[in-house]
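The values are calculated or read from the model by the stated rules, or taken from the named source; none is laboratory data. Computed from a predicted structure; not experimentally measured. These accessible areas exclude ligands, DNA and RNA; they are computed on the full protein's heavy atoms, side chains included. Shrake-Rupley method; radii C 1.70, N 1.55, O 1.52, S 1.80 Å.
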Amino acid sequence: MSFATFLNQLLTVLQSRQGPKRNTCAGNLSAGPVAEASLGSRQYSRVFSSPAFLISSLAWVLTLSAGCATTTVRRDTIAPEVFELAARNSVPLSLEITSSVDQSVGHQYLLMLIPLMEVVVEAPSDTVYGALYPMLANAGVRPVSDEMSASAWRLKISVQDLTVSAYDFLVTRKVSADVTMQARLLSPDGTAQWGQQYRGKSSQLRRYGFEPQLQEALNAALSQALLPLVERLRSSLKATR
């Protein structure tokens, strides 16, 4: 059912509860101009205070304001001890992450239909980097810059799709995130070793659907996509030693 259909049905129910209209023509003819003015004032008052008018006005306001506000999901900060751990690792890896995804990745929906707020992820490629770096450090890999990557293996990741949204169910919220990426591993001489697409998806019911809950869902989706990638990477690098 569309939101317009829902509103029409709701308005029909509200109008039916107001009861039949009373015939006031006889009173209007005998009461004169003062009575007519008073009657007109009461009619306008009933119109602008009626539930039907209020619901219609609210629907228009919500529709016109959709997309005017944003919720920003920021990438996790990499802790200093993670950098220290990576610096002690003996396996260098050149890491390149690109993204074709726009920063606008979804909405926060009211009643599952009205997009009230836009969800923005700042620099999707940096967000993936922030989630992947600690995994690489724990896997014994030392990510290096391009200037130091002449003898290092190369991992290239392309973020192809990223969505984060929240849906209002009145008493609870469904928070979801979905990420798709393509990964390729190249040897130091540029020979492709393998390429594979990875996808992570998270769907959670939460009391709220704000930035912390959106961040949690996004992190869960990223972990689901990146964990098997890191596992395959570790197996590939181990086989070359």
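The table below gives the values:
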| read-out | value |
| --- | --- |
| Accessible-area value, Ile157, 1.4 Å probe, nucleic acids and ligands omitted, Å² | 0 |
| Extension gain from Ala79 to Ser145, taking 0.36 nm per residue of separation minus the Cα-Cα distance | 21.9 nm |
| In Å², nearest 10: area of Phe169 left accessible to a 1.4 Å probe | 80 |
| Per residue value of the accessible surface for segment 188-241 (all protein chains in place, 1.4 Å probe), Å² | 60 |
| Under-5 Å amide H pairs with Arg75, H placed in peptide plane, nonlocal only | Glu122 |
| Segment 180-241: translational diffusion in µm²/s, Stokes-Einstein, Kirkwood Rh over Cα pairs, 25 °C, 0.890 mPa s | 181 |
| HN-Hα J in Hz across segment 217-226 - Karplus 6.51, -1.76, 1.60, θ = phi - 60°, x for Gly and Pro | 5, 5, 4, 5, 5, 5, 4, 5, 7, 8 |
| Rounded to whole Hz, the Karplus (6.51, -1.76, 1.60) HN-Hα couplings of segment 92-107, x for glycine and proline | x, 8, 7, 10, 10, 10, 10, 8, 9, 9, 6, 5, 7, 10, x, 9 |
| Surface/4 of the Cα convex hull for segment 87-152, nm² | 6.2 |
| Long-range amide H partners of Val119 with built H, under 5 Å | Thr71, Val105, Gly106, His107, Gln108 |
| Ser94 long-range amide H proximity, modeled H, under 5 Å | Val144, Trp153, Arg154, Leu155 |
| Per-residue HN-Hα couplings for segment 170-187 [Karplus 6.51, -1.76, 1.60; θ = phi - 60°; Hz; x = Gly/Pro] | 6, 9, 8, 10, 9, 10, 9, 8, 9, 9, 10, 9, 10, 10, 9, 10, 10, 6 |
| Whole-number D in µm² s⁻¹ for segment 106-194, Kirkwood Cα-pair radius fed into Stokes-Einstein, 4 °C, 1.567 mPa s | 82 |
| Alpha carbon centroid spacing (whole Å) that separates segment 113-141 from segment 160-188 | 9 |
